[in-house]
1. So what is the 222 nm mean residue ellipticity for chain B from helices alone, if each DSSP H run of at least 4 adds -39500 (n - 2.57) and you divide by all residues, rounding to the nearest 500 deg cm²/dmol?
2. Using the structure shown, select from B:Lys14/B:Lys355; B:Lys14/B:Lys68; B:Lys159/B:Lys278; B:Lys68/B:Lys351 the pairs with a Cα to Cα distance greater than 29 angstrom.
3. Using the alpha-carbon centroid of each, what span in Å lies between the range A:213-256 and the range A:129-186?
4. If one takes the longest principal axis of the Cα atoms in chain B, at what angle in degrees, from 0 to 90 and to the nearest 10, does the Cα axis of helix B:194-204 lie?
5. Sort B:Glu365, B:Glu426 so the one with the fewest other Cβ atoms within 10 Å of its own Cβ comes first.
6. For the range A:198-342, what percent of Cα pairs sit more than 19 Å apart?
7. Which whole number gives the average, over all residues in B:472-480, of C-beta atoms from other chains lying within 10 Å of the residue C-beta?
8. If I model a spin label as a point 7 Å beyond the Cα along the Cα-Cβ vector, how far apart are those points for A:Arg303 and B:Gln64 in nm?
Amino acid sequence: MTDTAAASGTDGTLVDSWTAQDTRFDAVVNELARMRANAENGSTRAAVVNLVVLAAADAGANRAIESIVGLGQHHPGRILVIVPRTGGGDEDRMAARLELYGTRVEDRSLWWDVVRLEIGGPVAAHAESLVEPLLLHDLPVALWLAGGTSRVESPGLLDLASQLIVSGERAASISPAATAEDLAGLVRLKPLSDLAWVATEPARQALARVFDPPERAAMLEGVDGLRVEGPPWSSRLLAGWFCERTGLAPDGVHLTLGEELRAVVDLGADRAELDAGPVWPAGRVTTDTPEPSGSGPGVAIARLGATRVSVSHGGSATRRLLTGALSHPWRDRRYEAALELAGRLGR
Amino acid sequence: MTNPLAAGMELSRKAPPVALVVFGASGDLTSRKLLPALAALSRRRQLTDAFAVVGVARSDMDDQGFRKLAAEAVPDAGPEWEELVKGFRYVQGDYGHPDTFDRLHAVLDEVDESRGTSGNRVFYLATVPEQFGVVAAALDEHGLARLAPGHFGRLVIEKPFGRDPESAAALDATIHAAFDEDSIYRIDHYLGKETVQNVLALRFANAIFEPVWNRQYVDHIQVTVAESLGVGHRGGFYETAGALRDIVQNHVMQVLGITLMEPPATVDAHGIRDEKVKLLKAIEIMDEDQVVTSSVRGQYDAGWVEGEPVIGYRQEEGVAPDSTTDTYVAMRLAVDNWRWAGVPIFIRTGKRLPKRVTEVAMSFEKVPHLPFASALTRDLDANSLVVRIQPDEGVTVGFGAKVPGSEFRVRTVSMDFAYGAAFIEESPDAYERLLLDAMVGDPTLFIRSDEVEQSWKVVAPVLSAWEAGDVPVSRYEAGSWGPRQADRLIEAGGRRWRRP
């Protein structure tokens, strides 16, 4: 089935699409070639990264696509979403949805595509055999484990990836300790970007800047304790980072669940306060929580005495966090150190 | 006298008056490649009215049957094709029977008369290679090979050109007994691909590439010819061939020749082919020890490819359960000449790899000093230039660029030239180009006898050592990039295979 809309000059317009409920790899490749042939008439394909999204379930996949489609004009040349198919008796069938998007960047026409494959049965354990031939050559491969971090059914996908992306917050809503263990395992395999870590960056920047002059940096030598309120994983990462940087012992950290990220640094007679606002998923941390797809401006504010530092950012929507993750596809030693401590922090 | 009306115009190439005789006319190659190529030539009006096709095969068929086959092979090809097919003729017979060629002779005389093909013939042998010598000799015996001055008779054959140096030489001797070398057109369809020809343009029409196309700047070269398909129903044939004979001896050697040769004085049949031969002669002939250390032979086991479970090679139809036939080859070659001395050339080809792709990738030396913090350049690879031959034909240059932001972080980005996006003109299929060249009489993109001979000299010691059991067959899972031993071959020098 093909439904073709006229190419449009607006941002992220769906230009062409194709859907099949029971299809084969060859048909997908042929349709992609057809769509590409149509698109390349005077247009350029976005070519920064292949983004492979390993979704947990259909609803999760839709939310994942919704949150990332807008990235096309800045990042992926191709977005591949793999959705496991379970139940219904037709697990062995492959369903496919191909979408071609176009936009104009200055005076150039740019396009990218989204390939969504629903697979079940034995092939689910060999998803890499479908993904690798669909990757755009000579571009990095970012694998977003949107379905969770504990078990990747197709281990071969991890081999394909040059960068892993996870949402530690989503995983930690079930078990922070298990999440720390899972992520530590993934960090050993590939550069890992945790959306929760990206979400805490404005907070870390604000806190760092408020101690920036040498006389205030010296105050960090007298840190007595740290109280962090917020979503379970973001607050642990923030605290882990702070402990690793300042040498504060983990037992000096007190964590409290909350919807927005806040922290108080006890410095004896003084104290520094951080108000970072909502970080994804905005405090509503059950696994059923839809990932917000919109974005809005945000600000992280740190105070120390009369000093007030604010760091503005584009909000905590998944799209922005993904942009941050894709822009930093390398190992982050600070994150790895924070991760190691985050798993050991109690309440 | 030159045509004054043609002055200042680039006239499109057209086939001269000619009868194209296709042996194996009822076969797969004819239906899949030759007839569609002819239809495309006819659509582009590159065939004149003085053109005829005569099919020859054992299949029981008459003229009408052949015309029906041709029409069905290229449905919806347009009125030009329908008109052309009406003149197709067919000769049914055994290639070993003289009567077949008597009747062919008579039909050719008829088409000369009725279509005006002027006694010119191109004989395309779309048959099994065992028939090459038989057909060539029969054509000669019946006065169809060496024609009177002013007429041409050309023989087109496709690989394999022998299965070792001796059989290749024997085949050459048989064919040369009937046709002069100048009239023999050996097809390697890779040479008909636009991207292979574009290597010539890339190298010799640009000032920026050729100066770095040498040992001073190139660290190593990788040639990948990967297929996702297995042997299918060709197991019986493949058992007698293997990847080394099927791909390396011809396609890989030709691609290497074009990519690494010295600049020719002119891009013509002699200029290009002379330089290719010189390059092939510079490839180091391995001794037995080198074969052991510099080659990997592999065979696929069951696995997953393109989302489907696939069986192992030994389970394929027509394959021996204890077969040692190579479905995968990786080799490290050396080119001993001024330009390439010391630059390792890694080649790999295989069946049941993750995807179908053919490319030549040059990896350049790293810069002598990076003036940036090492932590900020950790993701910077060496520069690369990749010529993609199929699919997604084009050229990609990989280079370092500053990542936007306050840090001076540098990472690898790619600049992509895609053939499909850069030209309005449609790329002709390789067979379309090569068929027209054979009819026009331009052998530039065909393989000369001495190229075949030299390619076999490179491959033969490897075959011998493998057949002597010096290199064990390494297993690899279908859907992987080959056996672990191939990784070790390249990793020994601190390099790694690309993931194309």
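We did not get these values from a lab; they are worked out from the coordinates using the rules stated. As the structure is a computational prediction, the values presented were derived from the model and not from experiment. Cβ placement follows ideal geometry from the backbone for every residue including glycine, while neighbour counts extend to all protein chains displayed.
1. Numbers: 15 runs with 158 residues, N = 500.
Only helices count here, giving -9500 deg cm²/dmol.
2. B:Lys14/B:Lys355; B:Lys68/B:Lys351
3. Rounded to whole Å, the Cα centres lie 29 Å apart.
4. For helix B:194-204, the angle is close to 60 degrees.
5. Going from least to most buried by this count: B:Glu426, B:Glu365.
6. Of all Cα-Cα distances in the range A:198-342, 51 percent exceed 19 Å.
7. Counting other chains' Cβ atoms within 10 Å and averaging over B:472-480 gives 1.
8. 9.9
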